[in-house]
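A quick write-up on the structure given underneath.
The values are calculated or read from the model by the stated rules, or taken from the named source; none is laboratory data. Computed from a predicted model, the values in this text were never measured in an experiment. Ideal geometry is used to build each Cβ from the backbone, glycine not excepted, and the neighbour counts take in all protein chains shown. These accessible areas exclude ligands, DNA and RNA; they are computed on the full protein's heavy atoms, side chains included. Shrake-Rupley method; radii C 1.70, N 1.55, O 1.52, S 1.80 Å.
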Amino acid sequence: MTDSPNQPAAVDERIKERSPLREALIRPELGGIMGTAIVFVLFLLFASDSGMFNSQGILNWSQVSAQFMIIAVGACLLMIAGEFDLSVGSMIGFCGMMIAIFSVTMGWPVWLAIIVTFALCIAIGALNGFIVIRTGLPSFIVTLAFLFILRGFTIYLPQTLERKTIIGGVKDAAEGDWLAAIFGGKILTGLFQWMGDAGIIATFERGSNIGKPVVDGLPMLIVWAILLIIFGHILLTRTKFGNWIFASGGDAEAARNSGVPVNRVKILMFMFTAFCACVFATCQVMEFGSAGADRGLLKEFEAIIAVVIGGALLTGGYGSVIGAALGALIFGVVQQGLFFAGVESSLFRVFLGVILLFAVILNTYIRRIITGER
């Protein structure tokens, strides 16, 4: 039976043309872009004269945002692949503690301590993924178990070896270490000195540092955040493996039938999430010169929230590294901006909850547009 000449031919949904507005609405970064714009406008209005937007203020909220960005990149790719990792925060504390134990307590070179710790934590990430794949258990349950396991070791090991839960002396041990400088140093110091001399950024006006710029370089924490965002974005949007990540989270069974190595993709994403946690922890240890058993608390939830604010769906198969980075930027700006604006710091959680609720509602609306649900 043929279609009537007067009956319009059916149009495949995949090739149907969409208006520019509709295309913009289904971009995963939309929520992050809107949230970032709102946050900056608010603080420009209420905290512009507080020092929040001078060189030192920008450095403060940039460093906080960079911390969130590093772990958000890993969490974003894993969530797009359809899984969660609730052990990220404990992994941060465990990684930092192992670096301190290896380098300070056991006397290893810091570069060796960092490499061995990275290998150990990435192996734990692979174990997380392997258990999820082999048992079919929800990643929420498996990684929740590792949250407690890793936190327990992070408390037990320093208490057993040092009779305390904070190990210092890492900064002294890392003096002159080539790998430690990659995580704890600064770059572009000459450029910042030139900007200080040119009056572009503030300089010290008295004391032993007179004439030196208040901000004397770009911390490696921020450099790592930028590099991971670039890497994650290119991997997700410009490579075949990125398509595999989307497919694994969108419909794992259909992806397997199409030849996508779903199990390998998911395990690698768990490993990458562990790698990002290690980068965060190593930068933190090198900055403070110590490791504490309480480091990384609640970071797993903050990473997931940043990713959701950035437009990722909790169901997997949809999201953006750029969106996750914007979600992390919102975190950092709000956390520091409330201080600069003189607002009670406890309201940070309230403000964050409002943004999260807005992001979830927007993401739900976007999902309905994509799937055609009502």
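Going by the structure shown, is residue 321 at pLDDT 75 or above and either surrounded by fewer than 20 Cβ atoms within 10 Å (Cβ to Cβ) or among the acidic types (Asp, Glu) (or both)? When the stated conditions are applied, residue 321 does not pass them. Scanning the stretch 251-286 for residues being in contact with a Lys or Arg (Cβ under 9 Å, 6 or more places away or on another chain), closer than 21 Å to residue 177 by Cα and either modelled with pLDDT under 95 or open to solvent by 10 Å² or more (accessible area, probe 1.4 Å) (or both) gives a total of 2.
Residues in the stretch 196-234 that are assigned to a helix (DSSP H, G or I), open to solvent by less than 70 Å² (accessible area, probe 1.4 Å) and not β-branched (Val, Ile, Thr): 196, 220, 221, 224, 225, 228, 232, 233.
Checking each residue in the stretch 144-165 for being in a helix (DSSP H, G or I), among the hydroxyl-bearing types (Ser, Thr, Tyr) and either open to solvent by less than 80 Å² (accessible area, probe 1.4 Å) or over 18 Å from residue 90 (Cα atoms) (or both) picks out 154, 160. Only one entry of 37, 113, 81 meets the criterion of being under 20 Å from residue 325 (Cβ atoms) and either surrounded by 17 or more Cβ atoms within 10 Å (Cβ to Cβ) or basic (Lys, Arg) (or both), and that entry is 81.
Which of the residues spanning the stretch 300-318 are open to solvent by 30 Å² or more (accessible area, probe 1.4 Å) and in contact with a Phe, Trp or Tyr (Cβ under 8 Å, 6 or more places away or on another chain)?
Listed by number, the residues that qualify are 305, 318.
Among the residues of the stretch 44-68, those that are among the polar types (S, T, N, Q), more than 12 Å from residue 219 (Cα to Cα) and either touching a helix residue (DSSP H, G or I) at 6+ places or on another chain (Cβ under 7 Å) or surrounded by fewer than 16 Cβ atoms within 10 Å (Cβ to Cβ) (or both) comprise 48, 50, 54, 56, 65.
The one condition from (1) more than 23 Å from residue 296 (Cα to Cα); (2) within 27 Å of the chain's Cα centre (by Cα) that residue 128 does not meet is (1). The residues of the stretch 227-274 that are among the aliphatic types (A, V, I, L, M) and free of Cβ contacts under 8 Å to residues at least 24 places away in the same chain, listed by number, are 227, 230, 234, 254, 255, 260, 262.
For residue 343, the criteria (1) open to solvent by 30 Å² or more (accessible area, probe 1.4 Å); (2) in a helix (DSSP H, G or I) hold in every case but one, which is (2).
Within the stretch 235-250, can one find any residue that is out of contact with any Leu (no Cβ under 8 Å at 6 or more places or on another chain), basic (Lys, Arg) and surrounded by fewer than 16 Cβ atoms within 10 Å (Cβ to Cβ)? So far as the stretch 235-250 goes, yes, one or more of its residues are out of contact with any Leu (no Cβ under 8 Å at 6 or more places or on another chain), basic (Lys, Arg) and surrounded by fewer than 16 Cβ atoms within 10 Å (Cβ to Cβ). Screening residue 169 with (1) at pLDDT 95 or above; (2) at positive phi; (3) small (Gly, Ala, Ser) gives one miss only, at (1).
Would it be correct to say that residue 179 is open to solvent by less than 80 Å² (accessible area, probe 1.4 Å) and under 25 Å from the mean Cα position of the chain (by Cα)? Considered against the rule, which asks whether it is open to solvent by less than 80 Å² (accessible area, probe 1.4 Å) and under 25 Å from the mean Cα position of the chain (by Cα), residue 179 comes out as yes. From the list 131, 141, pick out the single residue that is open to solvent by 80 Å² or more (accessible area, probe 1.4 Å), of a type outside the set (D, E, K, R) and free of Cβ contacts under 8 Å to residues at least 40 places away in the same chain. 141 is the lone residue from the list that is open to solvent by 80 Å² or more (accessible area, probe 1.4 Å), of a type outside the set (D, E, K, R) and free of Cβ contacts under 8 Å to residues at least 40 places away in the same chain.
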